[in-house]
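Trainee: I have a structure I would like to understand better, so I am pasting it below and will then ask my questions one at a time.
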Amino acid sequence: MSKKVKVAVMPEQGKIGIREFPFPDHLEDGAMIVRPIMSGICGTDKHAFRGESVQYAGTEREIFGPYPV
(Lines give C-alpha, C1' and ligand atoms only; values in the text may rest on other atoms or scores of the structure.)
Protein backbone atom coordinates (compact mmCIF):
# COMPACT_ATOMS: atom_id res chain seq x y z
CA MET A 1 0.00 0.00 0.00
CA SER A 2 1.51 3.32 -1.04
CA LYS A 3 1.30 6.28 1.27
CA LYS A 4 -1.17 9.05 0.36
CA VAL A 5 -1.26 12.75 1.16
CA LYS A 6 -4.33 14.97 1.48
CA VAL A 7 -4.32 18.25 -0.38
CA ALA A 8 -6.73 21.19 -0.45
CA VAL A 9 -7.55 21.87 -4.11
CA MET A 10 -9.51 24.69 -5.76
CA PRO A 11 -10.74 22.99 -8.97
CA GLU A 12 -12.70 26.03 -10.14
CA GLN A 13 -13.95 29.41 -9.00
CA GLY A 14 -15.85 29.22 -5.72
CA LYS A 15 -15.10 25.55 -4.98
CA ILE A 16 -12.57 24.01 -2.60
CA GLY A 17 -12.21 20.33 -1.82
CA ILE A 18 -9.82 17.80 -0.33
CA ARG A 19 -8.14 15.26 -2.64
CA GLU A 20 -5.68 12.47 -2.02
CA PHE A 21 -2.50 12.09 -4.03
CA PRO A 22 0.25 9.46 -3.85
CA PHE A 23 3.20 10.41 -1.68
CA PRO A 24 6.13 11.03 -4.07
CA ASP A 25 8.63 8.19 -4.49
CA HIS A 26 11.42 10.63 -5.30
CA LEU A 27 12.00 14.36 -5.49
CA GLU A 28 13.64 16.55 -8.09
CA ASP A 29 17.02 18.06 -7.22
CA GLY A 30 16.55 20.95 -4.81
CA ALA A 31 12.99 19.90 -3.85
CA MET A 32 11.85 18.98 -0.34
CA ILE A 33 8.85 17.72 1.57
CA VAL A 34 7.59 19.75 4.50
CA ARG A 35 5.08 18.92 7.21
CA PRO A 36 3.22 22.11 8.08
CA ILE A 37 2.04 22.61 11.63
CA MET A 38 0.02 25.75 10.83
CA SER A 39 -1.22 27.45 7.69
CA GLY A 40 -3.07 30.55 6.66
CA ILE A 41 -4.68 32.27 3.73
CA CYS A 42 -2.79 34.68 1.51
CA GLY A 43 -4.57 37.86 0.46
CA THR A 44 -4.54 36.68 -3.16
CA ASP A 45 -6.28 33.39 -2.23
CA LYS A 46 -9.59 35.12 -1.61
CA HIS A 47 -9.40 36.74 -5.04
CA ALA A 48 -8.66 33.42 -6.75
CA PHE A 49 -11.64 31.88 -4.94
CA ARG A 50 -13.88 34.64 -6.33
CA GLY A 51 -12.50 34.14 -9.86
CA GLU A 52 -10.41 37.29 -9.85
CA SER A 53 -7.41 35.43 -11.20
CA VAL A 54 -5.26 38.32 -12.43
CA GLN A 55 -2.45 38.84 -9.95
CA TYR A 56 -0.07 41.80 -9.87
CA ALA A 57 -2.34 43.54 -12.43
CA GLY A 58 -0.73 46.37 -14.34
CA THR A 59 2.82 45.39 -13.43
CA GLU A 60 5.61 43.54 -15.23
CA ARG A 61 4.74 40.50 -13.09
CA GLU A 62 1.04 40.34 -14.09
CA ILE A 63 -0.13 36.72 -14.31
CA PHE A 64 -3.45 34.94 -14.83
CA GLY A 65 -3.93 32.17 -12.29
CA PRO A 66 -5.33 29.01 -13.94
CA TYR A 67 -7.47 26.39 -12.22
CA PRO A 68 -7.04 23.91 -10.62
CA VAL A 69 -4.94 25.35 -7.83
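Trainee: Reachable aspartates and glutamates from residue 3, Cα under 20 Å, same-chain residues fewer than 8 places away excluded?
Mentor: Qualifying aspartates and glutamates at Cα under 20 Å: 20, 25, 28.
Trainee: Averaged per residue, what accessible surface does the chain expose to a 1.4 Å probe, in Å²?
Mentor: Heavy-atom SASA per residue in the chain reads 94 Å².
Trainee: Under a plain spin-label model, where a point goes 7 Å from the Cα along Cα-to-Cβ, how far apart in nm are residue 18 and residue 59?
Mentor: My value for the distance between the label points is 3.4 nm.
Trainee: Per residue of the stretch 38-48, what does 6.51 cos²θ - 1.76 cosθ + 1.60 with θ = phi - 60° give for ³J(HN,Hα)? Whole Hz please, x for Gly and Pro, Karplus curve as stated.
Mentor: Rounded to whole hertz, the list is 8, 8, x, 10, 7, x, 6, 4, 5, 6, 4.
Trainee: Whole-Hz ³J(HN,Hα) for each residue in the stretch 15-27, computed from phi via Karplus 6.51 cos²θ - 1.76 cosθ + 1.60 with θ = phi - 60°, x for glycine and proline: what do you get?
Mentor: 10, 10, x, 10, 10, 9, 10, x, 5, x, 6, 8, 10
Trainee: Ok, one more. Regarding the chain, what whole-number volume in Å³ per residue does the convex hull of its Cα atoms give?
Mentor: In the chain, the Cα hull volume divided by residue count equals 131 Å³.
Trainee: Additional query: How much length, in nm to one decimal, is gained on full extension between residue 39 and residue 67, taken as 0.36 nm per residue of separation minus their Cα-Cα distance?
Mentor: Working it through step by step, the gained length comes to 8.0 nm.
Trainee: Is it possible to state the helix-based mean residue ellipticity at 222 nm for the chain, with each DSSP H run of 4+ residues giving -39500 (n - 2.57), the sum divided by total residues, to the nearest 500 deg cm²/dmol? What is it?
Mentor: That comes out to -2500 deg cm²/dmol.
Trainee: Turning to a different aspect of this structure: For the stretch 3-13, take each phi angle, set θ = phi - 60°, evaluate the Karplus expression 6.51 cos²θ - 1.76 cosθ + 1.60, and give the result in whole Hz per residue in order, putting x for glycine and proline.
Mentor: 6, 10, 10, 9, 9, 7, 10, 9, x, 7, 3
Trainee: When you count, for each residue, the other Cβ atoms within 10 Å and take the mean per peptide, how do 59-66, 31-38 rank with the highest first?
Mentor: Most protected by this proxy first, the peptides run 59-66, 31-38.
Trainee: When the accessible area of the stretch 4-64 is computed with all protein chains present and a 1.4 Å probe, what percentage of it is carbon and sulfur?
Mentor: Carbon and sulfur together cover 55 percent of it.
The values are calculated or read from the model by the stated rules, or taken from the named source; none is laboratory data. Please read these numbers as outputs of a predicted model, since none were measured by experiment. FYI the Cβ positions are ideal-geometry reconstructions off the backbone, even for glycines, and counts take in every protein chain you see. Areas reflect the complete protein model, heavy atoms only, side chains present, ligands, DNA and RNA absent. Shrake-Rupley method; radii C 1.70, N 1.55, O 1.52, S 1.80 Å.
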